[in-house]
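The values are calculated or read from the model by the stated rules, or taken from the named source; none is laboratory data. Remember, predicted model here, so these are calculated numbers, not experimental data. Glycine gets a Cβ as well: all are built from the backbone with ideal geometry, and neighbour counts include every protein chain shown. For accessibility, only protein heavy atoms count, side chains too; no ligands or nucleic acids. Shrake-Rupley method; radii C 1.70, N 1.55, O 1.52, S 1.80 Å.
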Amino acid sequence: MARNTSNTFPALDIALEAAAQQPLLNELGAPQKSILDEREGSDQSLVWLHLGSAWLKMSVIADLAEFYCKSTRTPLEWLGYGQILQEAGGASGIRDEARTCFKAALDANNRLAEAHFGLGRIEQLGGNADQALEHFQTCTGLAQHAHAAPDAHLKANAFWEAATILDDSGRDTEALSCYQSAISLLDSFGVHHVQYARFLRRIGRREEAADHYLACARYTHRYFPEFQPPRLGPAAAPASVDGLDTIFTTPDGDNVYFHAGKYTLLPAGEQPNSPAELAKLFEPATADPGAGRRARLINSVTRLLRPKLNRPSPPLANSVAELV
């Protein structure tokens, strides 16, 4: 039996109905109103997050359309979706819709790191650097959602965006710290990695800058977490035990915990009951001899999902001709 969503989430119900009237928004992945009926116990914070992400995508399209029209002196309504974008309030008005959704997501779950990242991107795109920095810094101190896409690299991207804002503001010491934190979690930021190389060159660290310029020479794809919200599903039970957050379980059953700004991998069957128990695994003087080998800090959940390849070594060749 379908639930009466109007009584359960009235504001969300209205927002989804309004979104359904926007054909472009639907194409950009806005959740349908039926999601609340079809999935008992839906996490409303995630529904708001997905809706905000769709509005944010639409604002980027509007920004590009407005730039093109200004450059070519073309009326916005002449473009394919121009009239729809105009009626929605243009890029600025559409960002306001996204902001409302992300704030509603935080009202439903004030520890939703992804919503802070989304708000940071909105303020960044709107030129509000101080507000954007505040949201990115808040995001770095929160664990990603249990249903987060492993390759979203939320924390790394939050540090990176904070670093670029600090860089632009001339706050070099803070910027360097954030850049280093970002690089420690994700070794490349695609075409944007050149920003770090330029920063290092500007502050006189030329040898490091050269290394990172070389890193820019190899192509890597950068994922944007604001467009990779956690998958929709039932509201997750509180995944916290005395301050420890379990954020991910690998296919082998190992658990990843987030505490004190760090990610820790523990093998299946080992579950600390407090942060103090987790910390003891890394104290050589007090931990048992095998503890340090069992528990380890990790930089990326994605690396835990890579298949282990057991390819045979290729035979040695005496000449190039044997290889072709």
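Pairs 70/103; 33/70; 57/103; 57/155: which are spaced more than 27 Å apart, C-alpha to C-alpha?
On the way: 70/103 31 Å; 33/70 36 Å; 57/103 17 Å; 57/155 21 Å.
The pairs that break the limit, which is 27 Å between Cα atoms, are 70/103; 33/70.
Counting only protein chains, not ligands or nucleic acids, how are 159, 117 ordered by accessible area (probe 1.4 Å), most first?
Values: 159 40, 117 0 Å².
The ranking, largest first, comes out as 159, 117.
What does the highest-first list of 17-28, 142-153 look like by mean Cβ count within 10 Å?
Working: 17-28: 15.0, 142-153: 20.7.
Ranking, from highest mean packing down: 142-153, 17-28.
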Cα pair distances in region 57-198, grouped into 10 Å bins until the bin that holds the longest one, percent each: 12, 34, 32, 19, 3
Cα-based equivalent ellipsoid, region 61-144: semi-axes from gyration tensor eigenvalues, Å: 30, 14, 8
